[in-house]
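Novice: Here you go, one structure.
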Amino acid sequence: MNLSPETDEACGSCEFNENLNLFREIPFFAGMPLQTHKVLAYLCSRETYDPGERLFQQGDDDGRAFYLLSGSAVMIHRKDQRQIVARELSAGDFFGGMALLGSAPRLFSVEARDTAVCLVLSRDKFHRLEQQFPDILPRAVKAVVRGVFDWEKRLLRQASNGLNGLDAIVGVSLL
């Protein structure tokens with residue numbers, strides 16, 4: 001295939017606009033100003049993972065957040081030689097956002113189930129953006145708080161037989 005520089009430039013512009021629209025829709029970034037979304041669309045990268053390939057490993061502190069553009073992945077927790085599938089991830093899922101805010105080891109591994117294409121943003125790039133736009137950190141923290149609250153509300157709705165078994169996992173919103 002022969003691509004001219006003009007075609008490459010146009011494709012790059014299409015990807016930038018796609019990224020821009022995605023950042024405007026991802027709840028973690030949605031409340032940020034348009035100029036911030038433009039910089040995010042420029043700073044992120046697209047990465048492709050083969051089936052079985054790890055996006056990140058439990059225990060690592062890779063400082064990256066992911067938006068799954070296509071394909072699927074699985075969130076895995078390993079304990080005592082056992083592997084527990086915690087959640088299936090599919091196109092449209094955003095995960096790892098807290099890694100942008102601070103350093104902490106991953107509690108899960110994420111592995112591509114089939115070919116997965118992700119939009120990836122690193123903590124370093126997010127911190128550079130934060131220096132340029134200091135008001136984004138409070139907005140990101142609000143998004144995390146809202147996400148924890150919504151998650152806990154879903155847990156409570158699913159608890160049709162009372163809180164038996166949930167007592168160890170609810171109350172996170174009280175932090």
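Only the coordinates and a few stated rules stand behind these numbers; no lab work does. This one's a predicted model, so the numbers in the text were calculated from it and none came from an experiment. All Cβ positions, even for glycine, are placed from backbone atoms using ideal geometry, and neighbour counts span all protein chains on display.
Novice: Report the Cα-based extents of the range 7-156 along its three principal axes, largest first, to the nearest Å.
Specialist: Principal-axis extents of the Cα atoms in the range 7-156, largest first: 46, 38, 27 Å.
Novice: Between Asp60 and Arg46, with labels modelled 7 Å along Cα→Cβ, what's the label distance in nm to one decimal, could you check?
Specialist: 2.2 nm
Novice: Ok, one more. What list of ³J(HN,Hα) couplings, whole Hz, do you get for the range 39-45 from phi and the Karplus terms 6.51, -1.76, 1.60, once you set θ to phi - 60° and write x for glycine and proline?
Specialist: In residue order, the calculated couplings are 5, 4, 4, 7, 6, 6, 10 Hz.
Novice: Also, I was wondering about something else. Does a label point 7 Å from the Cα of Lys79, set along Cα-to-beta-carbon, have any residues of the range 96-119 with amide nitrogen under 11 Å, and which are they?
Specialist: So the set is empty, nothing qualifies.
Novice: Just subtract the alpha-carbon distance of Glu25 and Ser90 from 0.36 nm times their residue separation and send over the number in nm, one decimal.
Specialist: Answer, rounded to one decimal: 21.8 nm.
Novice: Sticking with this one: Could you pull out every residue, at least 5 positions away or on a different chain, whose amide H is within less than 5 Å of the one on Glu53? Hs are placed 1.01 Å off N in the peptide plane, and Pro or chain starts have none.
Specialist: So Glu53 has HN proximity to Ala112.
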